[in-house]
Amino acid sequence: MFTPKKLLLLFLLILVGFVLYTFISTGFFRTVENRFDGETVLEIPIKGAEDISISLEDSFAIVSATARLTFPPTEQEKGGLYYMDLKSGNFVLTHLTPDFEKPFAPHGISILRHDSVYTIAVVNHELEGHSIEIFRLIGKELKHIRTEKSTKLISPNDVVLIDENRFYVTNDHGNAHGFGRLMEDYGNLAVSNVLYFDGQQFSKAAEGISFANGINIDRARNLVFVASPRRFLIKVYSKGNDNLLTFLEDIPCGTGVDNIEFDAAGNLLVGCHPNLLRFSAYAKGKKETSPSEALKIAYRGKGDYSVESIYSNDGSQVSATSVAAPFGNLLLVGTVKDDKMLVLNRN
């Protein structure tokens, strides 16, 4: 029979176990060393360059940047899309959306080439809701095409185009706010999802994910990779003819994986947050820095992969790396809310 004293002791044991689990599962005890086999080419002043997508065919990058202050935002954040020519070696950013008329706080992006035209899909956060903005890019001329909204866009994070009209988008939470959202963050509940947009409406393509974050498609192998930073996993799915995603396996990464890009050889390059509690405090403005990491993942097939850390920093050079986009030996490193992005040259 449980006495009040035994019940109190049991509660305290559960509480201590939960706190310890939270610290361990978020990388709190990990020591992050400053390590990179290469050199820093340039530090480019830009606030919150959270996502970067590169056209290997035409040698340019599109940067999604928002001047984030704290999370959750209390006022409308402002940002834009930027074009960077990678052939010249000057790494100059050209603002593509200075005249975009609606509130624009871009987050995850995807670009897709068809003929000589690029479609760009962008997650946009407005105070009153979320949307996916679709643009067309010809040269350096960007035109807004349409806005897609849905109540299913609970907390959209990243997007990847299937073609000019269809895409996947991740919801990093299954709850918009309140206790449920808190339990997702600290209780590690796996209730977020991936949505499929068929050109007309949204539907669930995959669910049961803990903080679905970055997403990308390996078109050659018909595979979709989804980052689950809260569980330090890259989740691998096969894409069906109905565009539903069938889970294949998890790739343990040991760090808080974020946006996913591919190099020319098909390897995954992933921006990461090694210490999620530190990142959370940094995102809320309670800490001045947060450690950064970039991974290279060679995925050869089910059960056959390797994970390599190619960049790590304690936050002294750059904080909260969210993307590491490759172009030859170069690595374009973006962040959630730091005031710069990096151009690195790997040896």
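Only the coordinates and a few stated rules stand behind these numbers; no lab work does. Note that the coordinates shown come from a computational prediction; the quantities given were computed from them, not determined experimentally. Using ideal geometry, Cβ is built from the backbone for each residue, glycine included, and neighbour counts are taken over all protein chains shown.
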### Query
Which distance in Å, rounded to a whole number, links the C-alpha centroids of segment 1-75 and segment 231-276?
16
### Fewest-first ranking of V270, V32, V41, using other Cβ atoms within 10 Å as the exposure measure
V41, V32, V270
### Query
Which residues in segment 31-64 have a backbone N closer than 16 Å to a point placed 7 Å from the Cα of D85 along the Cα-to-Cβ line?
55, 58-62
### Query
Which residue, I120, I52, I260, tops the fluctuation ranking in a GNM of the chain built on C-alpha contacts under 10 Å?
I120
### Query
Which entries in the list K152/K337; K47/K140; K47/K235; K143/K296; K102/K340; K235/K337 go over 31 Å, if you measure between the two C-alpha atoms of each?
K143/K296
### Query
Quick one: if the Förster radius is 35 Å, what FRET efficiency do M183 and L56 give, using the C-beta to C-beta distance and rounding to 0.05?
0.30
### Message
For segment 280-347 and segment 99-145, what is the centre-to-centre distance using only Cα atoms, to the nearest Å?
### Response
24
### Message
Suppose we flag chymotrypsin sites (Phe, Trp or Tyr not before Pro) only when DSSP calls them loop and at most 14 other Cβ atoms lie within 10 Å. Which is the longest uninterrupted stretch of the chain?
### Response
30-347
### Message
Within the chain, which whole H helices from DSSP have a Cα span along their axis of at least 18 Å and a mean Kyte-Doolittle hydropathy of 0.0 or more, if any?
### Response
4-25
### Summary
Calculated from DSSP helices alone, with each H run of at least 4 adding -39500 (n - 2.57) and the total divided by the residues of the chain, [θ]222 nm to the nearest 500 comes to -3500 deg cm²/dmol
### Query
Most mobile of K302, K78, K152 per a Gaussian network model of the chain (Cα springs, under 10 Å)?
K302
### Summary
Label model pair L10, D99: point-to-point distance (7 angstrom along the Cα→beta-carbon line) in nm is 6.9
### Query
Sorting R221, R346 on the 10 Å Cβ count, fewest up front, what's the list?
R221, R346
### Task
Once you have the Kirkwood Rh of segment 31-346 from its Cα pairs, apply Stokes-Einstein at 4 °C and 1.567 mPa s and quote D in µm²/s.
67
### Message
Give me V123, V169 sorted ascending by neighbouring Cβ count inside 10 Å, so fewest comes first.
### Response
V123, V169
